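Written below as structure tokens is the structure these notes are about.
No value in this document is a laboratory result; all are computed from the given coordinates. These numbers come from a predicted model, not from an experiment. Glycine gets a Cβ as well: all are built from the backbone with ideal geometry, and neighbour counts include every protein chain shown.
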Amino acid sequence: MTSPLPRSPSIIPLHGKHIMQTQIAVIDYGSQYSQLIVRRVRQLGYFSRLYFPEQLSEIGTPAGVILSGGPRSVNEPGAPDVDLDQLNRLDCPVLGICYGMQLLNRKFGGTVAATGTREYGPATMRVTQQNDLFKGLDGELKIWMSHSDSVSNLPDGSVVLGENGAGAPVAIQWNERFYGIQFHPEVTHTEKGRQVLQNFLSLIGEKPAFVMQRFKDELIESVRKQTVGKRVVCAVSGGVDSTVLAVLLKEAGADVHPIFVDNGVLRKNDVAEVHDQFRRLGIEIEFVDAADDFLDRLKGVEDPEEKRKIIGDLFVDIFFERAKDMDVLAQGTLYPDVIESATSGSMASRIKTHHNRVERILRLQEEGRVIEPLAELYKDDVRELGAALGIPHEILHRHPFPGPGLAVRVIGEVTREKLALLREADAIFIEELKKSDWYDRVWQAAAILLPVKAVGVKGDERTYEYPVILRAVTSSDAMTADWAELPTDLLRTVSNRILNNVDGVNRVLYDLSTKPPAGIEWE
Ligand code: XMP
């Protein structure tokens, strides 16, 4: 169960204070890449958090600050600003990226002008000063740009570190601590972007300290303090986040009671696998078989949003009924959920969809009875934490599976008959992916059942049966995805097995759609 609740991105009430001091503060000026900067910095071993521009005074004593890009023009009235005195008082290296660079250039007395053309996509930069930021990098770098304004005049004393093909400055040093780059080192399209960030981080003169082992120890200690002597309840699905959460609670010595609800739209082996998984982890779970209740309520419902709502609402009713005597609710909310609910207006739509859930959780939260121990972490951090907790690889690398389960993969009305078909086809697909070592190479794979029938022949009989779609995608964060180029032999084996063994299916198709424009799920 993850239910993002509104709050500012950097303020997470883990026992009233942060588990770890922010080493690198990323100031968010609204770029689509802001979170990517935080992730990259963490991957390089420094603990990073995202802050709003007006939160400079709340950061504490960071070892470095990065100002992100953003969609506005620094020359516009009301454009997001930076308090240079405040930034100076932090007394640490500062890197402005794109908007961040333009903002700093203005603050130091230079100018920024509209070029009239938007430079978006690949470009090249010639390194003119192989100093700190470009140490070890000479010649030309392939970079990724996304801007329309450019710095026009540089303040006295600044040094150009790199320029574009037209000789315009795209990397600047204003003084001994302040740097700016027009391009995006955080995106993979920028060649050596990681090296540029690494070079900036090496300016802070500290050894990386975001070691998951240390984070884990401090997190366990914090969770221990929050849960001592209390009955803690959490929902588990067998997925990565809820499993890591349950193990973390157990490690912290909490009196933890995970609840696992069969909502009738799980995959063929889910119930057995989840039981087995928690047995191996030494955690007792409470199993609730509510499959019939869910399927009865889904009768005749075709609209995907309606299906989601029915499943979400009933889940909440069942969960809270079972969790009546809890002292604390533990949720597996992750950092992107926290940031999203803090920075976007999406709360309104979430409340609409999950009204029941949000109301109940808000009430508990007001009473100080909700903990969200993973709220500082990205998915890859959670996997790393799980590994540090000794959770086996195959559990940490299970494909994501949506909360509304197969209800979003049986298109149209969900019936027991259709679910049975889909479960068999899906299990064959997943089994063959695992056998061929392709399971770990794709982000997610699934079978989907369409609400149409097509003609075919089996033996001497004409058939009129359902087509099954196979979908397998590669992705790094589910925001974008590409269809996986599975080997033909593998596809042939899966197709033959489905056609020969799953009654009611006479066609198998492979989905060749990227996201965007398609989604990963069909719904
Ligand atoms: P889409 O279909 O939006 O999916 O490209 C992106 C990722 O989110 C998962 N997903 C869901 N997860 N409830 C969930 O818990 C949902 O309703 C839901 N819809 C999509 C999807 O499996 C993919 O990993």
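Against the chain, whose longest principal axis is taken from its Cα atoms, helix 212-227 shows a tilt of about 70°. Give the angle, between 0 and 90 degrees and rounded to the nearest 10, that separates the Cα long axis of helix 240-251 from the longest principal axis of the Cα atoms of the chain. It is inclined by approximately 80 degrees.
A Cβ-based charge dipole, computed about the Cα centre of the range 30-118 with Lys and Arg at +1 and Asp and Glu at -1, lands at about 420 debye.
With the convex hull of its Cα atoms as the shape, the chain has an orientation-averaged projected area of 26.8 nm².
Counting beta carbons within 10 Å around each of ILE172, ILE520 and listing the fewest first gives the order ILE520, ILE172. Normalised by the number of residues in the chain, the mean separation of alpha-carbon contacts (under 8 Å, six or more apart) gives a relative contact order of 12 percent.
Of the GluC sites (Glu not before Pro) in the range 154-261, the ones in a loop by DSSP (not H, G, I, E or B) with at most 15 other beta carbons within 10 Å are GLU176, GLU206.
Counting neighbouring Cβ atoms within 10 Å and putting the fewest first, the residues ASP426, ASP503 line up as ASP503, ASP426. Here's the picture: charge each Lys and Arg Cβ at +1 and each Asp and Glu Cβ at -1 in the range 212-394, and of VAL301, THR243, ALA388 the one pushed furthest to the positive end of that dipole is ALA388. Over the chain, DSSP H runs of length four or greater, each weighted -39,500 (n - 2.57), average out per residue to a 222 nm ellipticity of -10500 deg cm²/dmol.
If we count every other residue with Cβ under 14 angstrom of ALA168's Cβ, Lys/Arg +1 and Asp/Glu -1, where does the sum land?
Local charge sum for ALA168: -2.
For the range 406-449 versus the range 182-245, the inter-centroid distance based on Cα atoms is 32 Å.
Kindly identify the range 31-111 as rounded, prolate or oblate by the Cα gyration tensor criterion: order the square roots of the eigenvalues as a ≥ b ≥ c, call it rounded if a/c is under 1.5, otherwise compare a/b with b/c, prolate if a/b is larger, else oblate. Since a/c reaches 1.5 but b/c is at least a/b, the shape of the range 31-111 is classed as oblate.
Taking the C-alpha atoms only, the angle from helix 304-322 to the longest principal axis of the chain is near 80 degrees.
Computed about the Cα centre, the dipole magnitude for the chain is approximately 300 debye when only Lys and Arg (+1) and Asp and Glu (-1) carry charge, each at its Cβ.
Note on LYS453 and VAL187: their simple-model spin labels are 4.9 nm apart, each label 7 Å out from Cα toward Cβ. Label-to-label distance for MET20 and ARG89 is 2.7 nm, based on points extended 7 Å past Cα in the beta-carbon direction.
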